[in-house]
1. Taking only Cα atoms of segment 60-134, what ratio of Rg to Rh do you get with Rh as the Kirkwood inverse-distance radius?
2. As a test of reading the structure, rank V92, V28 by solvent-accessible area (1.4 Å probe, protein chains only), most first.
3. Which sequence of D40, D18 reflects their accessible areas, 1.4 Å probe, from the largest down?
4. So for S12, S94, what's the accessible-area order with a 1.4 Å probe, most first?
5. Which peptide among 158-164, 55-61 comes first, and what is the full order, when sorted by highest mean count of other Cβ atoms within 10 Å?
6. For the chain, what is the calculated [θ] at 222 nm in deg cm²/dmol (nearest 500), taking -39500 (n - 2.57) for each run of four or more DSSP H residues and dividing by its residue count?
7. Translational diffusion coefficient, Stokes-Einstein: compute it for segment 19-84 using the Kirkwood radius over C-alpha pairs as Rh, at 25 °C and 0.890 mPa s, and state it as an integer in µm² s⁻¹.
8. How big is the charge dipole of segment 1-118 about its Cα centre, in debye rounded to the nearest 20, if each Lys and Arg gets +1 on its Cβ and each Asp and Glu gets -1 on its Cβ?
Amino acid sequence: MRRTSFDGWPCSIARTVDILGDGWTLLVLREVFYGESRFDGFIDSLGIARNTLTDRLRRLEAMGMLERSVYQTEPVRHEYLLTDKGRDFFGVLSAINAWGDRWLAGDEGVPVKVRHTTCGHDTQARVVCSSCGEPLHHEDVAVRTGPGYPERLLDNPVVRARFADDSAAS
């Protein structure tokens, strides 16, 4: 069964979901952030089927999040390394991890801790306003269309109502 592509949607969340596709993709990226880079290592750590892993690695490579690099020539073997685009995804995985730690950790506590090596403290991701540094909560934000929103959709009353202009915004 073919899945619906969200690549052309006027929404960064939909476009990101289009790249990620499913949970395996997130778990492959998690493993790369944990230091794994080799095909057999992904198989061992995730228990993922070889064909599924091949598909996810090809997709992440095609989307520019991973790049394949030869680490052995006889026989040829590759490792998968993060690109700048892939490294920039760390904040997203950290936010997912923080949410899971808050809402899904059992009585025994969080399964993995993240240590900020710069200051030496355990930490969690926080989503904050890039201007004032205050935490962002859904009830404190308004969404507006940006310059990339298709003009043809702006005549739709539902779209206009959803993205009602906030006169205080700059």
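The values are calculated or read from the model by the stated rules, or taken from the named source; none is laboratory data. Keep in mind the model is a prediction, meaning the values are calculated, not measured. Note that each Cβ is placed from the backbone with ideal geometry, even for glycine, and that neighbours are counted across all protein chains shown. With ligands, DNA and RNA removed, areas are computed over all heavy atoms of the protein, side chains included. Shrake-Rupley method; radii C 1.70, N 1.55, O 1.52, S 1.80 Å.
1. A ratio of 1.12.
2. Ranked list, largest accessible area first: V92, V28.
3. Result of the area sort, largest leading: D40, D18.
4. Result, largest first: S12, S94.
5. Going from most to least packed, we get 55-61, 158-164.
6. One gets -11000 deg cm²/dmol as the mean residue ellipticity at 222 nm.
7. Approximately 207 µm²/s, per Stokes-Einstein.
8. Value, rounded to 20: 240 debye.
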